[in-house]
Amino acid sequence: MEKKKKRLVIRTIILAVLVLAIGYTVYGTATKDKVELIAVGSKAPDFTLVDLNGEKHKLSDYKGQGVFLNFWATFCGPCEREMPAINRQYQVFKDQGVQTLSVNLAQTDFEVQNFVDRHELTFPVVIDKTKSVSTTYNVGNLPATLVIDPDGKVAKIITGELEEGKIASYMELVKPK
Amino acid sequence: MENIICACGHSNPYGTKLCEKCGRPLTEEGKQTKVVDMRYDGMAIRSKTYNTTIVDKIWNFFSNVKVGIALIIITLVAASIGTILPQAIYVNVPEPSKAEYYEKVYGLLGKLYNNLGLSNLYSTWWFQILVGMLAISIIVASLDRGLPLHKSLKNQRVKRHESFMKRQRIVAEGQVPNPEETLDKVEQKMTDLKYRVRRDGSALLAERGRFARYGPYINHVGLIIFLAGVMLRLVPGFYVDETIWIREGETRAIPGMDGYFIKNNKFILETHDNKPQDEQSNQGVNAMAKNYQTDITLYKQPDGALPGDTDNLKKLRDYSIRVNHPLKENSFALYQMNYRLNELRQMNFKLVNKANEEESLGQIEIDLTNPKKEYDLGNGSSVQILVYTPDFSGFKDGEPQTQTSIPNNPAFIFKMTTPETPKGEVSFVEIRKPPFEPLGENKYRMKFTGVETRNSSNFTIRKDSTIPMLFVGGIIFMIGVVIGSYWNHRRLWLQVEPDGRVLMAAHVNKNMFSMKKDLDTVTTFAGLPPYEDQLDASEDVKKSTKEKEGDNNL
């Protein structure tokens with residue numbers, strides 16, 4: 001009886017390990033193209049970038065506050081469409097401890113400045129000249145938005161255009177208690 | 001499940017075919033055949049012994065050799081279907097138009113092939129599950145057969161029962177005058193023939209090349225290591241395959257290599273100075289590349305620096321990436337994959353009066369990587385750029401739009417101010433098109449005078465830490481194949497009773513010829529009775545050898 005039990009346990013373990021390995025392979029291959037280096041709940045990698053006024057912005061400086069981190073480019077239609085809404089919500093939430101930081105993907109100062117002026121954006125806009133930060137965050141399609149809580153953890157990752165109601169609810173989500 | 005008690009008193013596990021101790025056949029079938037089946041040395045195949053729980057049932061399914069063979073065949077067929085048309089990753093068109101490509105080039109078959117997902121066959125879930133099931137089958141079947149076989153070979157008795165010996169293929173019976181001397185002589189000769197000889201009273205066992213029985217199992221271990229290596233590619237950090245485009249003068253973070261930056265200093269394409277001839281002109285090849293090189297500088301961030309912080313980049317080295325000379329750094333390699341020539345980098349315009357275009361108020365040079373808001377021409381004239389779109393795609397709500405950030409089709413809205421037109425004139429200028437003047441006829445215009453271009457290089461960044469593992473797996477696999485194919489396990493059992501009665505039997509898992517050669521030598525030397533090949537003599541030679549083909553070297 002003892003022997004039989006031992007055999008069953010060993011067989012179950014071997015089969016379970018093999019099935020897990022196959023499952024991992026299938027899952028890994030299926031998600032390979034859209035692998036998220038940053039997972040919800042993990043710590044948002046710190047970075048530092050320079051804005052249009054030459055001022056440095058470091059993500060960890062916002063610790064204790066929620067951060068609405070938006071990756072965009074001027075040639076991306078959905079990015080442009082959601083910008084005014086983000087700007088309005090920034091005005092609502094900036095004094096409640098939720099900051100907005102928008103990262104442009106390696107475009108020229110001229111284009112970015114022009115865009116900012118045209119849409120009268122009031123939040124800081126930094127340019128990822130070497131695409132270092134977007135590589136770290138594995139940003140593929142634009143716009144990409146990460147909502148980061150006051151502890152510096154990623155609360156939400158959204159790719160694609162956001163409507164104003166959603167933007168407000170995500171900012172609400174990471175408002176310091 | 002009850003154990004089987006042999007006539008010799010030994011208790012064998014259920015499913016055993018030949019008694020573990022004395023070798024008597026235990027099954028009815030075994031008792032009736034002339035030559036016993038020596039597969040796995042008569043041990044119980046584990047899976048065949050128990051079949052109670054669901055785990056046992058799954059286990060037994062995978063342990064079945066027929067299931068294993070079926071899996072191999074299905075996998076082979078599936079894998080070969082993937083070679084009928086090229087796989088999507090090797091089709092050199094942009095991702096969205098791949099479906100179109102299959103239909104255009106291969107017609108209906110191509111469309112069907114792509115729609116069924118066969119163009120990505122090797123990364124489909126069902127193909128991977130198939131390979132995974134094959135792996136399970138290999139592991140389970142090897143455990144089930146290999147372990148009992150090992151146990152049996154390790155615990156071999158020297159003295160075997162008559163019924164075991166008489167059912168071997170090679171048998172000899174007879175009389176010798178000097179029992180002790182005969183045993184000594186056989187021992188001496190077999191030792192000379194590099195057999196390992198053990199004696200137990202009147203019995204003798206000579207054995208050579210036992211490790212040959214392990215060949216198939218070693219081979220399976222190699223295979224499993226290989227498959228595990230392939231699987232490891234999916235684990236972050238083991239395998240990197242990224243691509244990057246870098247224009248001359250640009251510095252970029254290298255994807256997959258945290259903290260490293262690369263600057264493209266210059267791309268060089270040199271062609272052979274040749275006159276196309278024969279086949280070359282037939283195929284429309286008119287330039288042959290002589291050199292294809294990117295001069296780069298590799299930088300690294302200081303330790304602990306954050307992404308995006310490019311203030312204190314440390315220059316590691318300058319390097320020229322050429323064919324067969326990738327940039328190697330820290331187990332990563334950067335290979336040149338592609339290039340793009342003559343992308344716009346700078347555009348030059350002259351501000352001229354339409355009435356007299358010969359006279360210019362000055363020239364502006366617009367660096368497309370960093371356009372300025374205003375260019376002062378010094379003589380009271382200036383040019384302002386109101387809008388710049390690198391890849392103009394049309395107007396939307398009165399605003400010029402750009403579809404990418406690459407200057408494929410640059411367009412500008414200029415505001416020209418001259419002493420004659422102090423309020424400024426606005427003009428929309430698109431490359432190769434007449435200026436568009438939205439606010440009415442202008443006196444002045446921006447006359448295009450020239451461009452400067454730059455090239456870009458495309459690299460792939462590769463790292464594959466699984467290669468040593470694949471290599472080891474492959475080597476072990478080959479070692480297993482060689483052991484199993486070129487060596488054989490030969491055994492000779494001999495019993496010489498004190499009264500001179502001799503009983504001899506021999507077994508080899510393959511290559512009976514080699515065994516017979518050894519037997520001829522030893523029987524002559526020791527004066528043993530002539531042996532008989534029971535399969536040679538009987539009528540069912542062909543039948544029984546055929547039945548045993550394939551598996552009897554296990």
Rounded Å value of the spacing that divides the Cα centres of segment B:324-349 and segment B:164-227: 66
Residues in segment B:61-84 that a label on A:Ile14 would reach, taking backbone N under 12 Å of a point 7 Å out along Cα→Cβ: B:61-64
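Can you give the average number of partner chain beta-carbon atoms within 10 Å of each beta-carbon in peptide A:100-107, as a whole number? Don't skip to the answer; put the middle values down first.
Details: counts 0, 0, 0, 1, 1, 1, 4, 4.
For peptide A:100-107, the averaged partner shielding equals 1.
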Amide proton proximity set for B:Asp309, modelled H, under 5 Å, gap of 5+: A:Thr48
Cα centroid separation, segment A:109-162 to segment B:1-25 (Å): 75
Ranked by how many other beta carbons lie within 10 Å on average, peptides B:345-353, B:149-157 from highest: B:345-353, B:149-157
Efficiency of FRET between B:Tyr335 and B:Glu173 - r from beta-carbon atoms, R0 56 angstrom, step 0.05: 0.20
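Please go through segment A:33-94 and write out the GluC sites (Glu not before Pro) that DSSP classes as loop and that have at most 15 other C-beta atoms within 10 Å.
When the GluC sites (Glu not before Pro) of segment A:33-94 are filtered for loop state and at most 15 Cβ neighbours within 10 Å, A:Glu36, A:Glu55 remain.
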Per-residue ³J(HN,Hα) for segment B:523-532, Karplus 6.51 cos²θ - 1.76 cosθ + 1.60, θ = phi - 60°, Hz, x for Gly and Pro: 5, 5, 5, 9, x, 7, x, x, 9, 10
Residues A:Lys43, B:Lys166 arranged by fewest to most Cβ contacts within 10 Å: A:Lys43, B:Lys166
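Quick one: net charge around B:Met347, please, counting Lys, Arg +1 and Asp, Glu -1 for every other residue with C-beta under 11 Å from its C-beta.
Values: positive: B:Arg345; negative: B:Glu365, B:Asp367, B:Glu452.
Result for the neighbourhood of B:Met347: -2.
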Hz values of 3J(HN,Hα) by residue in segment B:250-263 - Karplus curve (6.51, -1.76, 1.60), Gly and Pro given as x: 8, 10, 9, 5, 8, x, x, 10, 4, x, 9, 10, 10, 10
Cα-projected label distance for B:Thr33 with B:Leu112, points at 7 Å along beta-carbon direction, nm: 4.6
Amide H within-cut-off set for A:Lys156, under 5 Å, with H built and near neighbours excluded: A:Val147
Using θ = phi - 60° and Karplus 6.51 cos²θ - 1.76 cosθ + 1.60, couplings along segment A:5-14 (whole Hz; Gly, Pro as x): 5, 4, 4, 4, 4, 4, 4, 4, 5, 4
Length-normalised contact order for chain B - Cα pairs under 8 Å, 6+ apart - percent: 19
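How long is the gain from B:Lys328 to B:Gln188 if the chain were fully straight, where each residue apart is worth 0.36 nm and the alpha carbon distance is subtracted? Intermediate results must be reported in sequence, preceding the final value.
Working: separation 140, 0.36 × 140 = 50.40 nm, distance 6.09 nm.
Taking 0.36 nm per residue and subtracting the Cα distance, the gain is 44.3 nm.
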Per-pair calculated FRET efficiency, R0 = 60 Å: A:Lys6 and B:Ala99 via Cβ, rounded to 0.05: 0.65
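Using a Förster distance of 60 angstrom, determine the FRET efficiency expected from the C-beta separation of A:Ala30 and B:Glu497, and round it to 0.05. Before the final figure, lay out each step's value.
Values: r = 70 Å, r/R0 = 1.17.
Between A:Ala30 and B:Glu497 the formula returns 0.30.
Fewest Cβ neighbours within 10 Å first, please rank B:Val186, B:Val158 accordingly. Can you show the working numbers first?
Working: B:Val186 25, B:Val158 18.
The most exposed by this proxy come first: B:Val158, B:Val186.
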Cα long-axis angle, helix B:467-486 against chain B (0 to 90 degrees, to the nearest 10): 30
Packing rank of B:87-94, B:258-265, where each peptide gets the mean count of other beta carbons within 10 Å, highest leading: B:258-265, B:87-94
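Given 0.36 nm per residue, what is the gain on full extension from B:Phe238 to B:Thr271 after removing their alpha carbon distance, in nm? Working shown, then result.
On the way: separation 33, 0.36 × 33 = 11.88 nm, distance 3.79 nm.
In short, 8.1 nm is gained.
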Sequence of A:Tyr27, B:Tyr339, A:Tyr170 once ranked by neighbouring C-beta atoms within 10 Å, starting from the fewest: A:Tyr27, B:Tyr339, A:Tyr170
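Could you tally the net charge around B:Arg445, taking each other residue with its Cβ under 14 Å from the Cβ of B:Arg445, Lys/Arg +1 and Asp/Glu -1? The partial results should precede the final answer.
Working: positive: B:Lys350, B:Lys354, B:Lys415, B:Lys433, B:Lys443, B:Lys447; negative: B:Glu357, B:Glu358, B:Glu359, B:Glu420, B:Glu425, B:Glu430, B:Glu437, B:Glu441.
Value of the local net charge: -2.
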On Cα atoms only, tilt of B:98-115 relative to the major axis of chain B in degrees: 30
Per DSSP, loop GluC sites (Glu not before Pro) in segment A:111-177 with at most 12 further Cβ within 10 Å: A:Glu120, A:Glu163
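Go ahead and estimate [θ] at 222 nm for chain B from helices alone: -39,500 (n - 2.57) per DSSP H run with n ≥ 4, summed, over the residue count, rounded to 500.
On the way: 14 runs with 172 residues, N = 554.
That comes out to -9500 deg cm²/dmol.
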Helix-only mean residue ellipticity at 222 nm for chain A, each DSSP H run of n ≥ 4 adding -39500 (n - 2.57), per residue, nearest 500: -13000 deg cm²/dmol
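Can you give the local net charge around A:Ala168? Use residues other than it whose beta-carbon is closer than 14 angstrom to its beta-carbon, Lys and Arg +1, Asp and Glu -1.
On the way: positive: A:Arg88, A:Lys94, A:Lys156, A:Lys166, A:Lys175; negative: A:Glu82, A:Glu163, A:Glu164, A:Glu172.
Charge balance in the 14 Å sphere: +1.
Which of the peptides B:317-324, B:413-420 is most tightly packed, and how do the rest follow, going by the mean number of other Cβ atoms within 10 Å of each residue? Could you put the intermediate results ahead of the total?
Numbers: B:317-324: 13.1, B:413-420: 18.2.
Packing order, densest peptide first, comes out as B:413-420, B:317-324.
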Amide H contacts of B:Leu327 (H built 1.01 Å from N, under 5 Å, at least 5 apart or other chain): B:Leu334
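Could you work out the mean count of beta carbons from other protein chains within 10 Å of each residue's beta carbon in A:19-29? Can you show the working numbers first?
Values: counts 5, 0, 6, 10, 4, 4, 13, 9, 3, 6, 10.
Going residue by residue through A:19-29 and averaging, the value is 6.
Counting pairs of Cα atoms in chain A, how many percent are more than 30 Å apart? Numbers along the way, then the final one.
Numbers: 4448 of 15576 pairs.
Considering chain A, 29 percent of its Cα-Cα pairs are separated by more than 30 Å.
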Alpha-carbon centroids, segment B:399-434 and segment A:45-106: separation in whole Å: 30
Zone of B:Asp536's modelled label, taken as backbone nitrogen in segment B:142-172 under 13 Å from a point 7 Å along Cα→Cβ: B:169-172
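Each reported figure results from applying straightforward, stated rules to the coordinates on display, with no laboratory input. From a predicted model like this one, the values you see are computed outputs, not experimental measurements. Heads up, the Cβs are rebuilt from the backbone with ideal geometry, glycines too, and the neighbour counts pull from every protein chain shown.
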